[in-house]
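Here, each number is a calculation from the coordinates, and none is a lab measurement. What you see is a predicted model, and the numbers here were worked out from it, not measured in a lab. Reconstructed Cβ throughout: ideal geometry from the backbone, glycine too, with neighbour counts over all protein chains shown.
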Amino acid sequence: MASAPKRRPRIRPIINLVAAILVTGMVLFVAFFPAGPLPALGPAFNPTSGAWTMAADAQVGDQTLRLQGLQQPVSVLFESNGTAHITAQTDHDLFLATGYVHARFRLFQMDLMRRQGEGRLSEIVGKAALDTDRFELQLGLLRTAQTEWSQLSTSDASRDALIAYAQGVNDRIGEAESAHQLDAMFTLLGYRPQPWSPIDSLLVKGDMTQTLNFTDTPLVMALLNKSLGTDLTSEWFPVQPPNLQAPYDPGPYAKASTAPIETVTQLTDAEAQSAEALYQRLAALPPGLISQGGASNNWAVAGAKSVSGGALLAGDPHLHLTLPAIWFQLTMDSPGYHAAGVSIPGTPVVLIGHNEHIAWSLTDAQNQQTFFYNEKEDNAHPGMYFWNGAWQKYRTVGYDIPVHGGQAAHVDVRLSVHGPVITERGQATSVWWAGNLPSQDLGVLLRIGQAANYQQFRDALRDWHSPTHNFVYADDKGNIGLISAGYYPLVAHGQPWLPMPGTGENDVTGTIPYDQIPQVYNPPDNIIWSANQRQVKASYPYYIGTASNFFDPGYRADEIHRVLSRPGKLSASDMMALQTDTRDFLASEMVPVLLQTLAGTQLSAKESAAVAQLRGWDYRMDADSVAATIWNAFWSAYLDETFSPWWKSRAVPVGREEEGNSNKLDDALGQDLETWTLHDPANRAFSAPGVGSRTAPDAQKAAFQKAVAQLAQKLGGAPSSWSWGRVHARQLENLAHITGLNYGPRQDRGDANTPLAAGGFPSTHGPSWRMVVDWGARSFQGVYPGGQSENPASPWYTNRVDTWWSGLLDPMLSADAAASAAGVKKWSLRP
Amino acid sequence: MEPAALRIAVLVLTGVIVALLGVLLGAWWTPFFVGAAFGLIIRRPAVAIPLGTVSGLLAWLFPLAGAQLRYGLGPTSVSLAEIMGFDHQGTLPVVLTLLVGTLLGLTGAWLACAVGMIVRPQPR
């Protein structure tokens with residue numbers, strides 16, 4: 001009898017099973033869960049509902065869509081460049097359709113903006129955004145938006161507009177989710193957008209207010225005061241501009257001067273330490289949360305000075321140039337609202353544009369709207385601060401911040417009468433910021449869109465509080481106007497350009513009366529202009545901010561004024577040319593002085609060649625200009641030569657040219673240097689510690705030699721090859737910081753002083769929208785860099801860039817004209 | 001056609017259709033279960049695993065090909081590559097996508113086969 005076969009151990013199947021489990025586990029893990037920088041691959045890349053849907057989303061064709069909440073059918077036309085024309089039979093439907101259209105093309109951008117304002121970025125990007133969220137919740141955009149919403153009466157038209165707009169956005173969110181057509185970024189980041197609410201629209205408005213006018217300037221002034229000393233600080237960073245500028249409102253002013261501006265006094269060590277800690281905290285925040293100074297242009301020419309006989313208006317607000325852009329171009333038509341221009345996705349109205357009778361644009365007014373207060377505390381009164389002679393309890397608000405991939409964080413915000421305490425340790429410093437005051441700006445914009453003349457325009461702006469803007473105006477009757485609408489806080493006592501004691505004596509007590517804020521209407525020379533310069537002369541009876549760190553140095557305004565005030569009449573073409581003007585006004589003042597200084601000086605061959613380039617230069621910062629490169633390098637070296645020794649010897653803790661905060665101190669110091677070069681060449685600033693006794697010409701010679709040496713080292717070759725485009729480029733940055741989706745860097749013209757604003761290397765800020773209106777010819781033109789869609793696979797992602805780059809504009813068609821244009825697509829929105 | 005071959009052809013067709021329908025309805029993980037079904041129904045791993053793999057690949061390929069025909073995937077593919085940090089390498093997202101579908105089908109079939117080898121009575 002044979003023995004039973006010996007059973008072999010089943011090792012191989014077990015190994016096979018273990019291997020299958022391991023590999024399957026790994027595959028399923030990366031398919032279902034994000035791993036490192038990779039999203040969950042299954043939902044992200046599956047071909048029917050993952051990121052590939054951006055291919056379908058990029059197509060826009062004729063469609064009939066059913067939207068909840070519509071009362072009547074709505075027509076939406078799209079020009080071949082993506083401009084939308086929304087025509088509704090009721091105002092409610094107009095705003096609902098606007099919300100739908102915005103969300104269809106910009107939902108991710110809108111979600112990012114509301115998340116920024118409400119401090120919820122960490123929820124989708126993780127702890128990297130925690131500092132930003134914590135700061136935003138302290139600052140209080142969310143609280144302000146909630147207050148604004150609660151204060152809107154039920155009969156307010158803007159309340160209805162916000163509700164209808166939110167319904168339209170939510171219609172799109174619902175549609176996109178059910179059709180698996182959410183923007184790819186939602187899929188890749190692995191989250192779904194929450195329903196849109198009216199408060200979200202107010203948050204988006206708050207974001208813009210913060211970007212444009214929340215400043216840390218008083219903190220910087222405090223640090224300068226402590227390190228440079230009170231004498232140099234008050235001399236170099238004065239209240240009134242040291243240079244000659246071109247204010248648009250030359251007076252006379254209604255009210256005599258009030259109390260004189262006090263001399264800067266010395267800060268205590270504790271105050272300086274507190275200012276430095278807070279300054280460092282704010283400086284570490286991402287760009288866009290702190291105002292980086294203004295750079296926008298607008299102007300108008302009365303019919304009496306225009307070729308067409310009608311008023312001309314031009315506007316180009318300068319902002320961070322992003323893809324997608326901050327703007328969405330559209331026309332909005334309903335029985336009660338007709339406006340064409342650009343809107344900010346997330347908000348239901350046209351911000352810059354025209355209606356049937358008036359056109360308007362805006363620049364930032366730059367007056368001081370941020371004030372810091374050092375609260376008095378002591379150990380005997382925990383949780384309290386001393387104000388108006390008594391101890392007060394801080395009001396405290398708590399927030400939980402969800403963090404993607406981590407534990408939720410909590411922040412308690414203390415609120416004094418001045419505003420939120422934004423220091424996290426040491427001296428408690430609170431901030432009074434006009435952007436925290438409820439301001440029904442959307443209602444103002446609705447009324448502007450409905451205005452038919454200057455009186456109605458001006459009346460509407462009476463309720464505009466923050467950010468303060470220079471609103472330029474031109475109408476179909478040939479009239480022009482400019483009014484710098486918004487709050488101009490008045491401080492009872494003290495030095496508002498520094499952090500002030502919070503004990504009550506230095507509180508904001510009110511604002512400049514509306515009739516006395518800077519404004520002009522139909523001026524005798526038939527031109528008005530603003531480019532973030534100080535709007536008024538030194539005789540203006542109110543403090544509105546220091547020259548150095550709130551207002552622009554004024555060179556763009558000088559150049560615009562120079563061109564507009566030339567004899568003869570002006571046309572829309574002249575307006576377009578001025579918007580892309582690359583003449584550097586400061587260079588036109590300084591280069592002749594430099595050439596005079598260098599005459600008779602022994603120069604090297606390269607230096608002589610550089611001088612030859614500067615001779616005969618037209619001061620235009622064109623990409624092929626060699627002189628532009630030499631001028632820019634010289635001016636930078638001249639500032640260094642004059643001020644760096646001071647910075648070093650006094651250990652000044654604030655960089656002179658720091659990006660990411662409000663204070664490009666070289667802008668301020670440049671005004672001083674310009675003034676001394678022209679009128680005070682022996683100023684003591686040239687004789688810094690360690691450099692001996694010098695004058696402006698000495699510093700110029702040294703700076704010129706260093707500039708040429710630096711350029712020779714950096715660019716090599718003959719000076720004739722040092723074209724501006726080799727060192728200066730422009731870049732449009734993807735909003736989600738995906739560098740591969742940026743446009744550029746691409747060589748470009750202009751600098752920070754030219755009307756075609758292009759400061760920085762590369763320049764990432766500039767004309768975010770250009771518009772030219774000629775009421776005589778009833779011609780409306782505009783363009784912005786980028787495209788209507790945030791989808792990078794869409795032909796409307798960057799389709800407008802080339803037109804914008806070349807300085808051209810597209811016609812702003814009416815809905816009727818667009819209907820007969822080639823390539824138009826039509827959506828029929830049905831209830 | 002031999003009955004066995006016919007049976008496999010029907011199985012493959014059914015599997016691909018089920019996987020495809022699942023993917024089209026948004027259930028992107030369906031190929032994993034189709035692959036697992038192959039592994040359970042077909043006893044021979046050398047047949048079941050390739051079938052699962054192919055069904056996963058096809059279930060993700062067909063919708064992608066359909067999108068290519070309807071919309072063109074070039075700009076989307078390049079954009080996805082940019083988002084993922086692969087510069088302009090537009091083929092990478094396509095490869096990655098098809099790889100995910102393929103792996104889902106493969107691992108489903110493999111795991112089922114491996115389990116089957118343990119729990120099924122062994123032939124004597």
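Filter the trypsin sites (Lys or Arg not before Pro) in the range A:597-644 down to the DSSP loop ones having no more than 15 other Cβ atoms within 10 Å, then list what survives. Don't jump to the answer; show the numbers that get you there.
Values: sites: A:606, A:615, A:620; in loops: A:615.
Answer by residue number: A:615.
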Review point. Which percent of Cα pairs goes in each bin when the distances of the range A:390-462 are cut into 5 angstrom slices starting at zero?
Key: 3, 12, 13, 13, 11, 11, 10, 10, 9, 6, 2, 0
Point to revise | Crossing angle, helix A:605-614 versus chain A [Cα axis fit, 0-90 degrees, rounded to tens] | key: 90 degrees
**Study point:** Shielding by partners - mean other protein chain Cβ count within 10 Å, residues of A:25-33
**Key:** 4
Review point. Beyond 44 Å, what percent of the Cα pairs of the protein assembly as shown remain?
Key: 40 percent
**Study point:** Residue-averaged [θ]222 nm for the protein assembly as shown, counting only DSSP H segments that reach four residues, each worth -39500 (n - 2.57)
**Key:** -13000 deg cm²/dmol
Practice item. Please work out the Cα convex hull volume for the range B:82-124 and give it in Å³ per residue. Key: 76 Å³
Review point. Where a Cα-Cα gap under 15 Å defines reach, which aspartates and glutamates qualify for residue A:477, not counting those fewer than 8 residues away within the same chain?
Key: A:356, A:774
Check your understanding: For q = 0.20 Å⁻¹, what log10 I(q)/I(0) does the range A:676-735 give under the Debye formula with an equal point scatterer on each alpha carbon and no solvent?
Key -> -0.81
Point to revise | Two-site FRET efficiency, residue A:59 against residue A:606, from Cβ-Cβ distance with R₀ of 51 Å, rounded to 0.05 | key: 0.35
Study note, to complete from the structure: For the table A:664/A:701; A:226/A:714; A:205/A:226; A:537/A:701; A:569/A:825, the rows whose alpha-carbon distance is greater than 30 Å are A:226/A:714; A:205/A:226; A:537/A:701; A:569/A:825
Exercise for review: Alpha carbons only, please: Rg and Dmax for the range A:13-142, in angstrom.
Suggested key: 22.0, 72
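Could you tell me the calculated FRET efficiency between residue A:821 and residue A:505, based on Cβ-Cβ distance and R0 = 60 angstrom, to the nearest 0.05?
Given R0 = 60 Å and the Cβ-Cβ separation, E is 0.45.
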Point to revise | Distance (nanometres) between label positions extended 7 Å along Cα→Cβ at residue A:408 and residue A:720 | key: 7.0 nm
Practice item. Compute the Rg to Rh ratio over the range A:494-553 from the alpha carbon atoms, using the Kirkwood formula for Rh, and round to two decimal places. Key: 1.04
Exercise for review: Work out how far the C-alpha atoms of the range B:3-119 reach from end to end along every principal axis, then list the three figures in whole Å, largest first.
Suggested key: 47, 27, 22
Exercise for review: Report, in debye and to the nearest 20, how large the dipole of the protein assembly as shown comes out about its Cα centre when Lys and Arg carry +1 and Asp and Glu carry -1 on their Cβ.
Suggested key: 3900 debye
